[in-house]
1. From the backbone phi of segment 119-130, what are the Karplus-calculated ³J(HN,Hα) couplings (6.51 cos²θ - 1.76 cosθ + 1.60, θ = phi - 60°) in whole Hz, Gly and Pro given as x?
2. Is segment 113-189 best put as rounded, prolate or oblate by its Cα gyration tensor, with a ≥ b ≥ c the root eigenvalues, rounded for a/c under 1.5, and otherwise prolate when a/b is larger than b/c, oblate when not?
3. Determine the calculated [θ] at 222 nm for the chain from helices alone, applying -39500 (n - 2.57) to every DSSP H run no shorter than 4 residues and normalising by the residue count; nearest 500 deg cm²/dmol.
4. Classify segment 70-151 as rounded, prolate or oblate, taking a ≥ b ≥ c as the square roots of the eigenvalues of its Cα gyration tensor: rounded when a/c is under 1.5, otherwise prolate if a/b is larger than b/c and oblate if not.
5. Please return the longest range in the chain lying between exposed loop sites, taking trypsin sites (Lys or Arg not before Pro), DSSP loop only, at most 15 other beta-carbon atoms within 10 Å, and leaving the sites out.
6. Considering the convex hull of the alpha carbon atoms of segment 38-175, report its projected area averaged over all viewing directions, in nm², one decimal.
7. Quick one: compute the contact order of the chain, relative version, from alpha carbon pairs under 8 angstrom and 6+ residues apart, as a percent.
8. Could you go through segment 15-31 in sequence order and give the Karplus-derived ³J(HN,Hα) for each residue, using 6.51 cos²θ - 1.76 cosθ + 1.60 with θ = phi - 60°, rounded to whole Hz, and x for Gly and Pro?
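The values are calculated or read from the model by the stated rules, or taken from the named source; none is laboratory data. This is a predicted model, so every value here is computed, not measured. Here Cβ is always computed from backbone atoms with ideal geometry, including for glycine, and neighbour counts include all displayed protein chains. Side chains are part of the model used for accessible areas, which takes the heavy atoms of the whole protein and leaves out ligands, DNA and RNA. Shrake-Rupley method; radii C 1.70, N 1.55, O 1.52, S 1.80 Å.
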Amino acid sequence: MTMGTPPSSQAYGEPWYWDNRYAHESAPFDWYQKYPALAPLIHLYVPHRHQRALVVGCGNSVFSENMVNDGYEDIVNVDISSVVIDAMQAKYSNRQQLKYIKLDVRDMSPFQAGSFDAVIDKGTLDSILCGNNSRQNAAQMLDEVWRVLKDKGVYILITYGAPVYRLALLKESCTWTIKLHVIVKFGPEGSSEQPGRQLTDPIPLDESGSSVEDVLGKNPDVHYIYVCTKEPKAKE
């Protein structure tokens, strides 16, 4: 899934890397998975086409365009790169269902609390975890994702991070109910076949995430999809 080679994986967490990359490589690119492969899961957790979705770290992916082609009516896309946002605003200037805004996911203050029914993240949290002060920056991002979601809204996180690495981070500061799904990584033809189970069937998940290995075995060649439902914080 490479598109050029960064100086190191740490560069994925730095804005300058993305500006430079999009300035030199403008062809559309989808990290991890394309919309057709994930559509059954999107339909399950964002069932109504009028629901408002936020795609974080959108890049120049056609994922949101495909959502609109599938009937979704209000998709807001944010990215830290002004280069890619300018390009995408121009590309989709005639698609009122698509909005593109330059924004740092650690501070989404232009959006009011409870603005979105769903937040979709394909690799953005992973990128932040590659950068400097990764744990603090990831926590800030997750706090903002939780804030902009409506109660019972869903954060759909597509990541290479197994539960033993992601569950604690997700649970540290936000109140979520978490379900886990998996999807096989792209094969040579770009297809995504399932490891003997339906994409829409959640995998049993214990507190530590170690139960997943019992189902999938060690080091499965999958992307993990955490569907985190926002639970209101208890009133003090």
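1. Couplings: 10, 10, 9, 10, x, 6, 4, 4, 4, 5, 5, 7 Hz.
2. Values: a/c = 1.72, a/b = 1.26, b/c = 1.36.
Because a/c hits 1.5 or more and a/b fails to exceed b/c, segment 113-189 counts as oblate.
3. Numbers: 8 runs with 75 residues, N = 236.
It comes out at -9000 deg cm²/dmol, rounded to the nearest 500.
4. Oblate.
5. With trypsin sites (Lys or Arg not before Pro) excluded where exposed in loops, the chain gives 96-184 as its longest stretch.
6. Numbers: hull surface 32.5 nm².
Projected area, direction-averaged: 8.1 nm².
7. So the answer I get is 20 percent.
8. So the J values, rounded to whole Hz, are x, 4, 5, 6, 4, 5, 5, 6, 5, 9, 10, 9, 5, x, 8, 10, 6.
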